[in-house]
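S.K.: Input: one structure, supplied below.
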Amino acid sequence: MDKIAKETIEIEAQAVKNQIKHIDKNFNMAAKALKNCKGRLVIMGLGKSGLVGKKISATMSSLGIPSVFIHPSESLHGDLGMIMKGDIVMAISYSGETEEIKKILPILSKMKIKVIVMTGKVKAPVWDGIECVIDSGVEKEACPYNLAPTASTTALMALGDALALTVSHMKGFKKNDLAVLHPLGSIGKKLTMRVKDIMRKGSHNPIVKEDDTIKDSLFVMTKTGLGATSVVNKKGKIVGFFTDGDLRRHLQNCGESILKEHIKTVMTKSPRTIGPDMLAVDAAVILKQYRIDNIPVVDKKNVPIGCLDEGDLLAEGISE
């Protein structure tokens with residue numbers, strides 16, 4: 001059983017890798033056409049090719065390339081009216097034998113609509129007269145009978161992603177543009193959520209004075225449940241940071257007598273801090289880089305206004 005599963009992954013992985021050789025003049029021609037397209041990319045495909053086509057269309061749209069999927073059969077019963085001047089049609093048919101696609105191509109030609117093809121059979125007669133035919137062929141399917149679309153659909157999806165990202169790059173699509181198109185969900189959070197949106201603040205942000213005892217500081221930490229506290233001087237500016245981990249290390253070395261000491265004697269001086277307007281995902285990188293669970297958030301005057309905890313980032317689905 002494991003053998004079949006592993007062979008499937010190996011065959012499909014190799015099929016995807018082999019698509020590199022298909023990044024050729026036809027692929028580049030398609031990329032340039034889509035970059036300069038004044039309308040939308042209309043994708044058509046039937047069966048498994050259609051399912052992959054829907055995914056490619058969705059990826060294109062999410063990367064700033066307007067795209068829709070039209071079912072070939074429905075297009076022959078009125079949906080061709082959805083295609084407008086300036087659109088480009090991408091026909092997907094691995095075999096080149098899809099009857100609906102065969103019937104649509106002459107109509108698109110009369111409409112003077114540019115056509116791009118993705119197929120595993122670039123020399124199929126149906127593609128005669130089409131200038132841009134992208135090869136998505138694979139050596140064999142993962143199916144033991146070499147029949148069920150498996151490796152071919154996986155490779156096609158990868159090739160579609162390659163085309164989408166290439167065109168997106170050519171169009172100058174930026175991170176901020178991605179944020180606009182993904183206002184919700186994990187992508188939206190990573191691109192728009194800032195530290196100030198999720199940091200602990202107010203009564204949930206533990207702060208103690210540098211002359212407070214460690215015992216008193218522990219009460220503050222326990223009350224907020226954060227396991228750490230910012231330490232400030234008389235002017236309210238941060239001078240240190242103290243965590244549960246610091247406490248354990250000092251208890252191990254000095255015993256309970258350490259609880260009577262001032263927090264300034266054991267705190268981490270001049271701690272790392274972040275600002276409230278930093279992207280939460282960038283803050284997650286800092287936490288991982290320095291292997292810390294939380295970090296104080298300070299304003300421009302170095303006054304602690306919050307504390308960011310790794311658990312809160314994970315609760316929002318944000319990680320490095």
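Bear in mind these aren't lab numbers, they're just calculated from the coordinates by the rules spelled out. Just so we're clear, the structure is a prediction, and the values are computed from it rather than from any experiment. Here the Cβ is made from the backbone with ideal geometry for all residues, glycine too, and neighbour counts use every protein chain on show.
S.K.: At a Cα cut-off below 25 Å, give the lysines reachable from Lys301, other chains included and same-chain residues fewer than 8 away excluded.
M.R.: Lys196, Lys201, Lys209, Lys234, Lys235, Lys237, Lys264, Lys269
S.K.: Once both labels are modelled 7 Å past Cα along the beta-carbon direction, what's the Asp197-Lys234 spacing in nm?
M.R.: With each label placed 7 Å out from Cα toward Cβ, I get 4.1 nm.
S.K.: Here is a further query. Got the relative contact order for region 2-173 handy, in percent, Cα pairs under 8 Å and 6 or more residues apart?
M.R.: Relative CO of region 2-173 lands at 30 percent.
S.K.: May I pose another question? Report, in deg cm²/dmol and to the nearest 500, the calculated mean residue ellipticity at 222 nm for the chain, where each DSSP H run with n ≥ 4 adds -39500 (n - 2.57) and the sum is divided by the residue count.
M.R.: It comes out at -13000 deg cm²/dmol, rounded to the nearest 500.
S.K.: Only Cα pairs under 8 Å and at least 6 apart count here; give the relative contact order of the chain as a rounded whole percent.
M.R.: 15
S.K.: Quick one: the Cα spread of region 1-89 along its three principal axes, in angstroms, biggest first?
M.R.: Taking the Cα atoms of region 1-89, the three principal extents are 50, 31, 22 Å.
S.K.: Taking every DSSP beta bridge with both residues inside the chain, roughly what % is antiparallel (nearest 5)?
M.R.: 40
S.K.: If you place +1 on the Cβ of every Lys and Arg, -1 on the Cβ of every Asp and Glu, and leave all else neutral, what size is the dipole of region 195-315 about its Cα centre, to the nearest 20 Debye?
M.R.: Here the size comes out at about 380 debye.
S.K.: For the chain, take the longest principal axis of its alpha carbons; what is the angle in degrees between that and the long axis of helix 48-62, to the nearest 10 within 0 to 90?
M.R.: Approximately 50 degrees, to the nearest ten.
S.K.: Please work out, to two decimal places, the log10 of the ratio I(q)/I(0) at q = 0.17, 0.20, 0.22 Å⁻¹ from a Debye calculation in which every Cα of region 195-315 carries one identical scatterer.
M.R.: So the normalised log intensities work out to -0.79, -1.08, -1.27.
S.K.: Here's a follow-up. Could you rank the peptides 155-162, 135-142 by their average count of other C-beta atoms within 10 Å per residue, with the highest value first?
M.R.: Those peptides, ordered most packed to least, come out 155-162, 135-142.
S.K.: Counting pairs of alpha carbon atoms under 8 Å apart in space and at least six apart in sequence, what relative contact order in percent does region 273-320 give?
M.R.: Relative CO of region 273-320 lands at 41 percent.
S.K.: On to the next question. What does the charge count around Lys85 come to, taking other residues whose C-beta lies under 15 Å from its C-beta (Lys +1, Arg +1, Asp -1, Glu -1)?
M.R.: +4
S.K.: Highest mean first, how do 99-112, 284-297 rank when packing is the count of other Cβ atoms within 10 Å averaged over residues?
M.R.: With the highest mean Cβ count within 10 Å placed first, the list reads 284-297, 99-112.
S.K.: Give me D for the chain in µm² s⁻¹, whole number, from Stokes-Einstein with Rh from the Kirkwood sum over alpha-carbon pairs, 4 °C and 1.567 mPa s.
M.R.: Answer, rounded: 54 µm²/s.
S.K.: If you don't mind, there's one more thing I want to ask. Beyond 12 Å, what share of the Cα-Cα pairs of region 231-280 remains, rounded to the nearest whole percent?
M.R.: Here the tail beyond 12 Å accounts for 68 percent of pairs.
S.K.: Which residue, Val16, Ala164, Cys143, has the largest displacement toward the positive end of the dipole of region 2-173 when charges sit on each Cβ (Lys, Arg +1; Asp, Glu -1)?
M.R.: Value computed over the given set: Ala164.
S.K.: Kirkwood hydrodynamic radius of region 2-173 from all distinct Cα pairs, in Å?
M.R.: 16.2
S.K.: Counting DSSP beta bridges with both partners in region 195-315, what percentage is antiparallel, nearest 5?
M.R.: Bridges in region 195-315 that DSSP calls antiparallel: roughly 80 percent.
S.K.: Hey, can you rank 19-25, 207-213 by average C-beta count inside 10 Å, highest first?
M.R.: My ranking of the peptides, most packed first, is 207-213, 19-25.
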